[in-house]
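The values are calculated or read from the model by the stated rules, or taken from the named source; none is laboratory data. Predicted model, so just to flag it, every value in this text is computed and none were measured. With ideal geometry, Cβ positions are generated from the backbone for all residues, glycine too; neighbour counts draw on all protein chains shown. What goes into the accessible areas is simple: the full protein's heavy atoms, side chains included, and nothing from ligands, DNA or RNA. Shrake-Rupley method; radii C 1.70, N 1.55, O 1.52, S 1.80 Å.
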Amino acid sequence: MTRHVALFAYPDCQLLDVSGPWQVFASANALSPQPLYQLTLVADAVGPVATNGGLAVHATHSYHQLTQLLPLDTLLVAGGSGVLQQREIAAVKQVLCEVAPEVRRLGSICSGAFLLAAAGLLDGCRVTTHWRHAPQLADEYPALSVEPDALYIESNGRYTSAGVTAGIDLALSLVEADHGADLAGRVARELVVFLQRPGGQSQFSEILRHQQEAGPLRRLLNQLHADPSVDHGLESMADLMAVSPRHLTRLFRRYLNTTPGAYLTQLRLEQARLALLNGRENVSLERLAQRWRLGGAEQLRRQFQRYYGVSPSVYRQRFASSQTDDSIQEKVSCL
């Protein structure tokens, strides 16, 4: 059975929000003896649509024709700066509401969630979006339960995903649901991406954002990042900053909204996560915990689950195996 998938683009949408999921479904077609997905690009009007990066995509249907495409298996709304204008267009929201009951899977990439939320199509759902836009989404649409750190979420038949490349993760999960892990894995290998980051996995850009927002803490953070395995205690960190431990804690709260100890734990967990990705080294959790001063194996397991949303064993199974499969060193794209 060929499943009809439509993607909704608009002026100033994010190019990868369109091309990423599109290529996942197109690659599934290329790897199958027969077409598995019929792909349709929908926009304000038929013709070229300028994305926010300047490159145009070509829409074959306008949103006014969405009802003519029914029944649709999947409809995904791209994100991008133009979504704020789209959500003010009554006709767009009306059409989405009309077709939603006839679409098996309705979802969004990144800030596309704002358009579905404005149409009332995410009320009562758990949703996610790019971490930068999550507070605004939660503030403007209180009927939504926004989870800012998830990569993608399915809730009440609605699918939402985080920024940019998380749309690829979402599309891979849909291919796997439709046609199994084997095909989804072949698509992932073809695109040289992970198969697949679990939806609950943390948006890893957060610790990099912390470095950018560190203010007077930047010098200390640079030293912590240089070697997280050093026995950095609160007193020694305060000495490096020439401040009292109490003042250092206030600085961390002010600039990073965390504590020195919690930040260092996250940093050490990141090193343990990277070690798990090395498929050539079957390192034990006990060794990892000792190497990065994270207590014992059980403590590492609990912290890993809390921060990344999956257990170390699941993470290693999902990611480390895909990195070495077919001798290809795969990489994860930045959010």
Answer yes if at least one residue in segment 75-83 is touching a Gly at 6+ places or on another chain (Cβ under 8 Å), at negative phi and part of a loop (DSSP other than H, G, I, E, B), and no otherwise. yes
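Out of the residues in segment 1-60 that are among the small types (Gly, Ala, Ser) and on the phi > 0 side of the Ramachandran plot, state the one that is least open to solvent (accessible area, probe 1.4 Å). Give the derivation first.
So the first thing to find is which residues in segment 1-60 are among the small types (Gly, Ala, Ser), and the list is 6, 9, 19-20, 26-28, 30, 32, 43, 45, 47, 50, 53-54, 56, 59.
Then drop every residue that is not on the phi > 0 side of the Ramachandran plot, which leaves 47, 54.
Numbers: 47: 5, 54: 62 Å².
Checking each candidate, the answer is 47.
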Just to be sure, is residue 139 open to solvent by 30 Å² or more (accessible area, probe 1.4 Å), without any contact (Cβ under 8 Å) to a residue 24 or more places away in the chain and part of a helix (DSSP H, G or I)? yes
Complete set of residues in segment 1-58 that are more than 20 Å from residue 115 (Cβ to Cβ) and among the aromatic types (Phe, Trp, Tyr): 25, 37
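Any chance you could count how many residues in segment 125-157 are aliphatic (A, V, I, L, M) and within 16 Å of residue 173 (Cβ to Cβ)?
The qualifying residues number 4.
Sort out which residues of segment 161-178 are out of contact with any Ser or Thr (no Cβ under 6 Å at 6 or more places or on another chain) and open to solvent by 10 Å² or more (accessible area, probe 1.4 Å), and write them in order of number.
Keep residues of segment 161-178 that are out of contact with any Ser or Thr (no Cβ under 6 Å at 6 or more places or on another chain), which gives 161, 163-164, 166, 168-169, 171-178.
Hits for segment 161-178 are 164, 168, 173, 176, 177, 178.
Name the one entry in 158, 126 that is under 16 Å from residue 74 (Cβ atoms) and either surrounded by fewer than 24 Cβ atoms within 10 Å (Cβ to Cβ) or over 8 Å from the mean Cα position of the chain (by Cα) (or both). Spell out how you get there, then give the answer.
On the way: 126 fails: under 16 Å from residue 74 (Cβ atoms).
Checking each option against the conditions leaves just 158.
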When residue 89 is run through (1) free of Cβ contacts under 8 Å to residues at least 24 places away in the same chain; (2) exposed (fewer than 14 other Cβ atoms within 10 Å of the Cβ); (3) of a type in the set (A, V, I, L, M), the failure sits at (2)
